[in-house]
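Trainee: This is the structure I have questions about; it appears just below.
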Amino acid sequence: MADIFQEVDDEVRRDKAAEFWRKYQNLILAAAALIVLAVAGFRYWQYENEKAEQAAGARFQAAIAAIEAGKSDAAYGDLAKLAAEAPGGYRVLARMTEAGAKAASNPQASIAAFDAIAGNAAVDPLFRDAARLRAAFVRLDQPKDEQAGAAALTSLASGQGPYRRTARLALGALALSQVDYDEAAKELDLVLGDPEASPTERQLAERWLGLVASNRASPK
């Protein structure tokens, strides 16, 4: 008897399923089609985005090679195009590379370009801090801007950003060049005391601390 009731129950379910399908099959098929199209569209977007980034990366490397080969004019043109058209971070990288390449010939233009990147809230904070660091280095080479450069390095060194150790190394080297051995030792010790310091950063700090020690020990 139980088997008979089970067969009837199964039949009712089949009838309801058939009725449901006849009523909603178009919506179900449309939804399925949209899902397939969405997945396909996303994959296509990923593919195109990867192609665009690879192409931008190749153009960026070519521009770097042109700068290293002394073909600055051609490189600047390519970097300007990348800064206007490239996807993702390549726009900022192109602008920063162009600004860095101009540091020797036109330091004020280089500083202005780095400052513009550092002050742009739409730019990733990592790039903004990198631009502040680069601008500080250029300023250190300009007698009238050296104090501003040191102040920028101090600001970067006091935070928890990824460039704090680079800023402290630069401040240590600057203090060493100014025969301020106490300040140099303080900055370099902070680098060594940073648990995230890389082997290269530690090596530089130890080497420069050796210079501090040797200069302190030498007769005046």
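What follows draws every value from the coordinates through simple rules; no lab data is involved. All figures in this text were calculated on a predicted structure; none of them were measured in a lab.
Trainee: Assuming a ≥ b ≥ c are the square roots of the Cα gyration tensor eigenvalues, decide whether the range 79-197 counts as rounded (a/c under 1.5), prolate (otherwise, with a/b larger than b/c) or oblate. Walk me through the numbers before you get to the answer.
Mentor: On the way: a/c = 2.80, a/b = 1.59, b/c = 1.77.
It comes out oblate by the Cα gyration axes.
Trainee: When a/c reaches 1.5 or more, the comparison of a/b and b/c decides; with that in mind, is the range 143-220 rounded, prolate or oblate per its Cα gyration tensor?
Mentor: oblate
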